[in-house]
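Each remark here refers to the structure printed beneath this line.
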Amino acid sequence: MNRKKVTNVMLIVLALLLVVGMAYQFTPNIAGLFSGNKTTGTPALTVNGKTITAEELDQARRGNQVLSSTDTGVLGDDFKTVVVASQIQQALVTAAAQDIKVSRNDVNAEVTKVREANNFKDNKAWTDALQSAGLTDAGYRESVGEQLAVQRKVEEIKKAAPVPTDAEAKLYYDLNPEAFQSDARIQGRQIVVADKAKAAALLAQVKGGADFAALASANSTENKDRGGALGPIENGVPRPVALVALPAEVGAAAFALTNGGLTDVVTSGGKFYIVKVEKFLPPAPKPFDEAKTDIMAALKTQKENAALESWLDGLQKDAKIVYTDPNWKTENPTVATVAGKDIPYSDVVEGVVSNQQFSSLLQQVPPEQAAGLVNGILKPQVTQGLIQTYAAPAIAEKLKLDLTGTRQNIAQGLAAYGARDVKVSDADLQAYYDQNKKQFEIPASATVSEASFRDRNQALAFRADWKGGDFTAAAGKAGGTVSERGSVTAGDSKLSPELEAAVFGAKTLKDAGEGSLSDVVKVGDRFSVLYATDLKQAVTQPLSAVRAQIEPQVLATKKGEAGQAFVTKEVATLKPTDNLEKVLAAQAKRVAAAEPKPTTPAPGAPATPGTPATPATPDSAAPGTPDSAAPAGAAPTDTAPTDTAPTDTAPTDAAPADTAPIDSTTPPATDTTPATPASP
C-alpha cells in the first residue's frame with residue numbers, strides 16, 4: 001500500500017476512538033484499551049477462556065512509542081508486563097459487556113461515520129485499507145460492536161452510582177476553601193493619555209485636589225463618557241473589576257493599593273495611565289449555597305468513577321489467566337500490601353510508563369542506563385504513591401470522614417484534610433519573595449531608533465553634534481540610514497545583543513532631545529548610534545505589589561507539605577509492606593537468565609567475534625533524574641478522570657500537582673491517554 005493509504009488506515013483507528021471511545025476517556029483504566037483491532041494468529045494466553053494472540057500483543061506494543069522502544073533487558077520485561085496487563089483488561093472489559101445488546105444498525109452507523117470521515121466511500125479502498133492493517137470488514141465491525149457495548153456498559157455503571165450527600169458536599173467545600181474564593185477586585189477610575197508629559201501634568205492636578213472624574217472626562221482616551229470609571233456605573237459608583245481588566249503593569253500598580261489611593265504615571269503599550277483606587281475588595285469566600293451546584297457535579301463525577309474502579313477491580317480479582325506462549329508469559333507479583341489490599345507490580349510499571357518524564361529520559365539515555373535510574377528512583381516513588389492511594393479508603397473510614405470517589409480522590413481529600421488549618425504568615429511571604437526576587441523584576445524598556453553609518457567617524461561625529469530635533473532627518477543628512485525599532489523590552493530579541501547592551505546596559509548614554517544616545521556600536525561592517533526615548537531601567541516590584549500574586553503559591557506549597565506529612569503518618573499506622581526490592585531482584589535474575597549465553601570456541605578454532613558486553617546497570621540513580629509524582633498530598637495533573645465540571649470554578653481535592661500519587665487507575669500506556677481532569 002502506498003503511504004497515503006497507510007495514513008488512512010491510521011485515521012480509521014483514530015476516528016474509531018473519537019466516535020466510539022469518547023466515554024473511555026472519562027473512566028479509570030478504560031481509556032486506550034481499544035487502540036487496535038482484532039487480529040488472528042498464534043495464541044499467547046487466555047483470559048477466562050478468551051484467546052489473546054501474540055499478534056494482538058505485538059500490535060499493541062508497536063503502536064506505542066515508549067513500549068516499542070526496547071524489548072530486551074529490564075525495561076523490555078517491564079514493557080511486556082504493561083502490554084499483557086492492558087490486553088488482559090481489554091478482554092475482561094469486553095467479556096463483561098457481553099450482556100449489552102448492540103444492533104447491526106448501530107454498528108453500521110458508526111462504521112459509516114468512520115468511512116465518511118476518511119473518504120472511504122469506495123468499497124475497494126475501504127477493504128484495501130483494512131487488509132493493509134491485517135483486518136477484515138467483518139472483524140472490524142465486530143470490534144466496533146464490542147466497543148459500543150463497553151461504552152454502554154460504562155454508562156450503565158455510572159448511572160447506577162449513588163447520589164452525593166450533603167455531608168460529602170459540605171466536607172468538600174470545607175477542605176477546598178481557595179477553590180471557592182472570588183478574585184480580588186477594585187472600584188476605581190483611570191485616565192489614559194498618549195503623551196507622558198500630559199500624564200504627569202494631570203497627575204499633578206489630581207494631587208493638587210482636582211476632581212479625578214472631571215479630568216478623566218475631559219482628557220482620557222478611554223472610558224471618558226463615564227468619568228474614567230473602570231467598570232460601568234452602578235448605583236452611582238463604578239462596578240468593581242478584576243486584575244485581568246487592566247494591562248499587566250497597570251494592574252500590578254493599582255492592585256498594590258490595598259488601602260486605596262493613586263498610582264504614579266504607569267506606561268503600558270505606548271500609553272500612559274493614572275489609576276485612582278476608590279475601594280479595594282479582597283478575595284472573599286463564596287457561600288456554600290452558591291458553590292453547592294458545582295460541588296455536587298464534581299462529587300457526582302467522582303462517585304461514577306469510583307463505581308467504575310470497583311467494577312474493574314472485581315473483574316481483575318476473579319480473572320483466570322493461562323499462558324500458552326512462553327515468549328509472552330509475564331510475572332506480576334504483589335509489590336506491596338496495605339489495609340488488606342495487594343498492589344500488583346503492573347500498577348507500578350503502568351505508573352512509570354505513563355510518566356512524561358520517563359518518556360523524556362528514554363530519549364536521552366540508553367535503555368540499560370534508564371532501567372537503573374528508573375529502578376533506583378522512579379519505581380520507589382511510584383510504589384509509595386500507590387501505597388498511599390490504596391490505603392486512603394481505610395484511613396478515611398477510620399477517621400470517619402465523608403470523602404468519596406476513587407482511591408486517588410480519597411487520597412487527595414485526606415491530604416487536604418491534613419492541611420486544613422495551614423495559614424500563610426508575613427514571614428513566609430517575605431522568605432519566598434527574597435528567594436525569588438528575579439521573577440518580580442520588570443525589565444528595562446524604551447522606544448528605540450537606530451542610525452547606521454558606513455564609517456565609524458561619521459557615526460562619532462553625528463553622536464557628538466546632534467542635540468535634539470528630528471532624529472531621522474539629522475541622521476540621514478549625516479550619511480546614516482535610520483531604522484525605527486519601536487517599543488523594545490530587554491530580552492525580547494528585537495535588538496541584537498550588542499545593541500541591547502548599548503541601550504540597557506551602558507553607563508555612558510548621552511542626553512539628547514527627549515531621550516538619550518548610545519555609544520557607537522559596531523554591527524557587522526557598519527556602525528550604529530541608537531536613540532532611546534521613554535527609557536525605563538529594570539526595577540524589582542516591591543512585595544506589596546506582588547503579595548496577592550505569591551500568597552496562593554506559598555499557601556499551596558505549605559498545604560502540600562502538611563498534607564503529605566499527614567498522609568504519610570496515617571499510612572504508617574497501617575504497617576504496609578513494600579516488596580519492591582525483592583520484586584526487582586527477582587526480575588533482574590530472571591532477565592539475566594533469559595539472555596543468550598555467549599558460545600565458547602572449541603580449542604584451536606578461530607575466535608568468533610562476540611557481542612559487546614551490556615553496560616552495567618548503575619547501583620543507584622544519578623543526580624538530576626526526572627522525578628515522578630508520587631505523594632498523595634497533591635492533585636494529579638494527568639491521571640484522574642474528568643467529566644462535566646467547569647474548570648474556572650472547580651475546587652481541587654488537594655494541593656500542588658507536582659506531588660500527586662500515581663493510582664492504579666492510571667491507564668496502561670497506549671496510543672491514547674486519558675484527558676487531564678477538569679477540576680469540578
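The values are calculated or read from the model by the stated rules, or taken from the named source; none is laboratory data. Keep in mind it's a predicted model, so treat the numbers as computed, not measured. Glycine gets a Cβ as well: all are built from the backbone with ideal geometry, and neighbour counts include every protein chain shown.
Can you pull out the helices (runs of 4 or more DSSP H) entirely within region 389-479 that have at least 2 residues that are touching a residue at least 60 places away in the same chain (Cβ under 8 Å) and out of contact with any strand residue (DSSP E or B) (no Cβ under 9 Å at 6 or more places or on another chain)? Here the list reads 407-418, 426-435.
When you look at Ala307, is it of a type in the set (Gly, Ala, Ser), exposed (fewer than 15 other Cβ atoms within 10 Å of the Cβ) and closer than 30 Å to Lys50 by Cα, yes or no? Please lay out each step first, then the result.
Numbers: of a type in the set (Gly, Ala, Ser): yes; exposed (fewer than 15 other Cβ atoms within 10 Å of the Cβ): no; closer than 30 Å to Lys50 by Cα: yes.
Here the answer is no, as Ala307 does not meet what is asked.
Please verify whether region 479-487 includes one or more residues that are touching a Leu at 6+ places or on another chain (Cβ under 6 Å), surrounded by 12 or more Cβ atoms within 10 Å (Cβ to Cβ) and not hydrophobic (A, V, I, L, M, F, W, C). Within region 479-487, not a single residue is touching a Leu at 6+ places or on another chain (Cβ under 6 Å), surrounded by 12 or more Cβ atoms within 10 Å (Cβ to Cβ) and not hydrophobic (A, V, I, L, M, F, W, C).
Based on what the data block shows, is Asp313 over 25 Å from Thr70 (Cβ atoms), assigned to a helix (DSSP H, G or I) and of a type in the set (Asp, Glu)? Give the steps one after another, and end with the answer.
Values: over 25 Å from Thr70 (Cβ atoms): yes; assigned to a helix (DSSP H, G or I): yes; of a type in the set (Asp, Glu): yes.
Answer is yes for this residue.
Check whether at least one residue in region 188-196 is over 40 Å from the mean Cα position of the chain (by Cα), surrounded by fewer than 18 Cβ atoms within 10 Å (Cβ to Cβ) and assigned to a helix (DSSP H, G or I), and report yes or no. Yes, some residue in region 188-196 is over 40 Å from the mean Cα position of the chain (by Cα), surrounded by fewer than 18 Cβ atoms within 10 Å (Cβ to Cβ) and assigned to a helix (DSSP H, G or I).
Identify, please: which residue in region 341-363 is closer than 13 Å to Thr389 by Cα and either without any contact (Cβ under 8 Å) to a residue 12 or more places away in the chain or small (Gly, Ala, Ser) (or both) and is, among those, surrounded by the most Cβ atoms within 10 Å (Cβ to Cβ)?
Applying the first criterion (closer than 13 Å to Thr389 by Cα) to region 341-363 yields 341-343, 347-348, 351.
Right, trim to either without any contact (Cβ under 8 Å) to a residue 12 or more places away in the chain or small (Gly, Ala, Ser) (or both) and you get 342, 351.
Details: Asp342: 14, Gly351: 28.
So the residue we want is Gly351.
Being under 30 Å from Pro232 (Cα atoms) and not β-branched (Val, Ile, Thr) is true for just one of Lys153, Lys198. Which residue is that? Steps first, answer last, please.
On the way: Lys153 fails: under 30 Å from Pro232 (Cα atoms).
Just a single option satisfies the conditions, and that option is Lys198.
Only one residue in Val503, Val529, Val583 is surrounded by 17 or more Cβ atoms within 10 Å (Cβ to Cβ) and not in a helix (DSSP H, G or I), so which one is that?
Details: Val503 fails: not in a helix (DSSP H, G or I); Val583 fails: not in a helix (DSSP H, G or I).
Answer to the selection: Val529.
Just one of Lys303, Lys286 is of a type in the set (Lys, Arg), outside the structural domain of Lys224 (by TED's automatic domain parsing), at pLDDT 95 or above and under 30 Å from Pro393 (Cα atoms); which is it? If you could, list the steps in order and put the result at the bottom.
Values: Lys286 fails: at pLDDT 95 or above.
The match here is Lys303.
Quick check, is Phe280 touching a residue at least 40 places away in the same chain (Cβ under 8 Å) and under 30 Å from Gln537 (Cα atoms)? Quick ask: steps written out before the conclusion?
Details: touching a residue at least 40 places away in the same chain (Cβ under 8 Å): yes; under 30 Å from Gln537 (Cα atoms): yes.
Yes, satisfied.
Return yes when Asp519 is over 30 Å from Lys558 (Cα atoms), outside any helix (DSSP H, G or I) and modelled with pLDDT under 95 and no when it is not. Here the answer is no, as Asp519 does not meet what is asked.
Listed here are the strands (runs of 3 or more DSSP E) enclosed by region 318-374 that have at least 2 residues being outside the structural domain of Gly76 (by TED's automatic domain parsing) and under 14 Å from Gln587 (Cβ atoms): 334-338.
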